[in-house]
1. Mind checking which aspartates and glutamates have their Cα closer than 15 Å to the Cα of Lys109? Skip sequence neighbours fewer than 8 apart in that chain.
2. How much length, in nm to one decimal, is gained on full extension between Ser84 and Lys127, taken as 0.36 nm per residue of separation minus their Cα-Cα distance?
3. Of all DSSP beta bridges in the range 46-151, what percent run antiparallel (nearest 5)?
4. Kindly put Arg93, Arg56 in sequence by how many other C-beta atoms sit within 10 Å of each C-beta, fewest to most.
5. Under 5 Å between amide H atoms, partner at least 5 residues away or on a different chain: which partners does Gln51 have, H built in plane at 1.01 Å?
6. Let's see if you can work this out: charge +1 on each Lys and Arg Cβ, -1 on each Asp and Glu Cβ, no other charges. What is the dipole magnitude of the range 22-149 about its Cα centre, in debye to the nearest 20?
Amino acid sequence: MKKLLGCLLSGAFIVSMSCSDPSNPSSLKGYKKIRQDSSFYNAVTRIENIQLVDIRSAELYNAGHIPGATNVEANYANSEDVNSPFCKEIQARFDKNRDIFLYGAKAQKAENWYAPGLVSTIGWDMKHTYHYLNDYEGWVDAGYPICSESSRVEGCPCQK
């Protein structure tokens, strides 16, 4: 799996990033940032049973999301620390032995940086946590397919 991921992301500008809670600078671990749309597209379309998390609201997710994404909203009220509802849901729904990819919305500046740091802290660590920097809007702007109420994609968790 690691070799496959390396091949899929080769040529991508991936940078390790540490984020922190201002009140406790060492509270969150780092994660990897994916800057190139094509690298993220390759990961999403070629990794079998990818663990892809859309951290936007359920309303935005239902309006349209990246195929294969599972919605686990991260917001100020539910993702304040490692014991938060967001972290508990991530731990319950996803396998810590596999890489996890997160994306949000451009308008979610704080959550987009904080949520991947929380995920890396609760079991995935920096080597297995990825954050797509161009967010959902970047995916759409690049012309990649979306799953929505009007265009369901086979195998997407939203069909369950």
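Derivation of every value follows stated rules applied to the coordinates shown; laboratory data play no part. These numbers were taken from a predicted model, which means no experiment stands behind them. Heads up, the Cβs are rebuilt from the backbone with ideal geometry, glycines too, and the neighbour counts pull from every protein chain shown.
1. Leaving aside aspartates and glutamates fewer than 8 places away in the same chain, those within reach of Lys109 are Asp21, Asp54, Glu73, Glu80, Asp135, Glu137.
2. Computed gain between Ser84 and Lys127 is 13.2 nm.
3. Around 10 percent of the beta bridges assigned by DSSP in the range 46-151 are antiparallel ones.
4. Placing the least packed residue first, the sequence is Arg93, Arg56.
5. Phe101
6. 460 debye
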